[in-house]
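A short worksheet on the structure shown next.
Laboratory data are not the source of any read-out in this text; all were calculated from the coordinates shown. This structure is a prediction, so every number in the text was calculated from the model and none was measured. Cβ placement follows ideal geometry from the backbone for every residue including glycine, while neighbour counts extend to all protein chains displayed.
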Amino acid sequence: MTQIREPERRARVLRGRPYSLDEFAAKYGLRREQAESLFTRFGPSSIELDLLMAAKRRAPVLPDRIAQ
């Protein structure tokens, strides 16, 4: 009998510091629903989300808090 294997889910490695949902939405001037959708699909990684927003040609509305 052939055994069917379920693909294992791999956790994504967090790159950079994590954003909070509110911080991410405020930084890019997004509505909460938009930010939540992206946050859910791509995770809280600041590097991943910043790269995603750069690819979408969305410049930050607010400066990054780390730079301060």
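Only residues that are surrounded by fewer than 17 Cβ atoms within 10 Å (Cβ to Cβ) and among the hydrophobic types (A, V, I, L, M, F, W, C) were counted in the stretch 29-48, giving 2.
Of all residues in the stretch 16-40, those that are in a loop (DSSP other than H, G, I, E, B) have Cβ atoms under 8 Å from Cβ atoms of residues that are polar (S, T, N, Q) and surrounded by 14 or more Cβ atoms within 10 Å (Cβ to Cβ), 6 or more apart or on another chain, in GLY16/SER45; GLY16/SER46; ARG17/SER46; TYR19/SER45; TYR19/SER46.
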